[in-house]
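**Q** This is the structure I have questions about; it appears just below.
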Amino acid sequence: MGGFSNLVLRNLELKNPKLLLLESCATLSHLKIIHAHLIRAHTIFDVFAASCFVSISIDKNLLDYATQVFYQIQNPNLFIYNSFIRGFSGSKDPDKSIHFYVQSKRNGLVPDNLTYPFLVKACTQKGSLDMGIQAHGQIIRHGFDTDVYVQNSLVTMYSTLGDIKAASYIFRRISCLDVVSWTSMVAGYNKTGDVTSARKLFDKMPEKNLVTWSVMISGYAKNNFFEKALELYFLLQSKGVQANETVMVSVIASCAHLGALELGERAHDYILRNKMTVNLILGTALVDMYARCGSIDKAIWVFDQLPRRDALSWTTLIAGFAMHGYAEKALEYFSRMEKAGLAPREITFTAVLSACSHGGLVERGLELFESMKRDYRIEPRLEHYGCMVDLLGRAGKLAEAERFVNEMPMKPNAPIWGALVGACRIHKNSEIAERAGKTLIELKPEHSGYYVLLSNIYARSNKWENVENIRQMMKERGVVKPPGYTLFEMDGKVHKFTIGDKTHPEIQQIERMWEEILRKIRLAGYTGNNDDALFDIDEEEKESNIHRHSEKLAIAYAIMRSKGQDPIRIVKNLRVCEDCHTATKLISKVYERDLIVRDRNSFSLKLLWFDNAPGTVCKISKQ
């Protein structure tokens, strides 16, 4: 409760002790009892008592009831209007904040410096930059544009709504910058994706609080700088600052994307040791992390421990099963979710359709696709159509998949055409692949992966002239294939390997280790699969290339440095080629090691090159 309300309460406590009970009200019914007493005692007609009652009602988020009381007050003062502007500013109906501001002006009241921070917050909550600019004009008109609290709210508003230049301009004009000013600006840069500028400001800050650390760590995580997020988290710990649940959500998410199970387990242990509340958001992040890192059993355990589960937490676990290729488990939990009374969301159907695709359950997938429209009134979106194309393509129903794409009620996007082309590659259908591939490149002329995919289809058909045309097209358009890299975590450190890597300090030992591995798996039947080598290069060069793929270097290092029975987990940023998949299975058998391989392609390029599609965890057991 605000300081003014406390003052009012103290001044009125002798006149009406019932006002003292306001702060301890736990329910609306309790509040109504006190309200009835104030009406009988005629205290409610005292503007100061009414101010106190309204303010406390708003603090307890009883906005509708407070509004009813408001219309019984004959001459509301500015404090009452400010209370409503504040109360509705962060609500689902921020327009009411603006309404109360307009009403106060019409009643001849002059706004003060407590009015505008929450009016600006309402504009931010509403997501209206135009309304925010009008509020800024009101601020200038009434002379509050140099008030630090008002300036901070404007920095937050402009940065949140995407006008970083306006936010920066106001930030530079603040005469006495406080931690809120700095943090708002750091958050603004993070929101625009400029984490470099955000970090520069962060490092310049004379004082940081936990919110500041959280904003910067979250900024890194949301902009896919996962290693940077973890580095900053470790720096936070070295400063002796205890993280909170918000920080740990970003840390856990970063571990998930890096496939860093050991770091994720340490972070989970930190959460438990510090008795943090594993709420829905943090709990769901943990489920996602364990699933992505190949530990589905732990994902189930965390899910079962959650005190409450919502549609997103169920969906996360279902997606985890899909990622691991456990289609029947995904369907089982989908059914359990329905029985729990939770309606599946759009993203839930994406997850369960993906599971059907990975499990080859064509008929069940078709049933679910119809069910989402018929039973849940959910109109399928592009990602759902993409799942269906993937499902039909996996099953070899390429003509049906192409017809499905052509008959879609909306224009197919690149991932959908990409799914079709990928399926054609698996089933060696160059005719449909060529039609779909040309459309694909027209839609995404800057995406190198699609050129590579189509080129390799041509190469498999010995259409070298077409391969050369693709190569020339890439050169003319300035399209460059991004470098592949693989991540391997050991002893709390993430090691990064690139194709033909020469930068690792132990590269000579790694290469010798790979030669030894190569000799052993050749004895076990490995011959090398050059089909994925791009363009028409000779077999010797192809063989040299595939033996220097980043995942092979990572596995060699892992075998060289890790303990004998520990599972090896690696994460690739691009798809894992067929040769690396074959080699990995043989390595697992020869060295009697469990290997968990995950590439980092999301559904935006869900193509099929082997039994475990990109975007899935391919767990290769030594058995």
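**Q** Is one or more of the residues making up segment 568-583 surrounded by fewer than 19 Cβ atoms within 10 Å (Cβ to Cβ), closer than 15 Å to Lys496 by Cα and either touching an Asp or Glu at 6+ places or on another chain (Cβ under 8 Å) or modelled with pLDDT of 90 or more (or both)?
**A** yes
Here's the yes/no breakdown for (1) touching a Ser or Thr at 6+ places or on another chain (Cβ under 6 Å); (2) assigned to a helix (DSSP H, G or I); (3) without any contact (Cβ under 8 Å) to a residue 24 or more places away in the chain:
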| position | (1), (2), (3) |
| --- | --- |
| Leu235 | no, yes, yes |
| Val241 | no, no, no |
| Val247 | yes, yes, no |
| Glu262 | no, yes, no |
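**Q** Considering only segment 51-89, state which residues are within 20 Å of Asp112 (Cα to Cα) and small (Gly, Ala, Ser).
**A** Ser51, Ser55, Ser83, Gly87, Ser89 - these are the residues of segment 51-89 that are within 20 Å of Asp112 (Cα to Cα) and small (Gly, Ala, Ser).
**Q** Give segment 329-371 a look and list any residue that's polar (S, T, N, Q) and either under 25 Å from the mean Cα position of the chain (by Cα) or within 14 Å of Thr316 (Cβ to Cβ) (or both), or say none.
**A** Result: Thr348, Thr350, Ser354, Ser357.
**Q** Take Lys222 and tell me if it is surrounded by fewer than 20 Cβ atoms within 10 Å (Cβ to Cβ) and either assigned by the TED database to the domain that holds Glu489 or closer than 19 Å to Asn190 by Cα (or both).
**A** yes
**Q** When only residues in segment 280-331 that are touching a residue at least 60 places away in the same chain (Cβ under 8 Å) and not in a helix (DSSP H, G or I) count, which is surrounded by the most Cβ atoms within 10 Å (Cβ to Cβ)?
**A** Cys293
**Q** Okay, next question. Right, Ser250: crowded, with 18+ Cβ neighbours inside 10 Å, within 28 Å of Leu574 (Cβ to Cβ) and of a type in the set (Ser, Thr, Tyr) or not?
**A** yes
**Q** Further, regarding this structure: Conditions: (1) out of contact with any Ser or Thr (no Cβ under 7 Å at 6 or more places or on another chain); (2) touching a residue at least 12 places away in the same chain (Cβ under 8 Å). Pro206 meets all but one. Number of the miss?
**A** Just one mismatch for Pro206, condition (2).
The values are calculated or read from the model by the stated rules, or taken from the named source; none is laboratory data. Everything numeric in this text was worked out from a predicted model, so none of it was measured. Ideal geometry is used to build each Cβ from the backbone, glycine not excepted, and the neighbour counts take in all protein chains shown.
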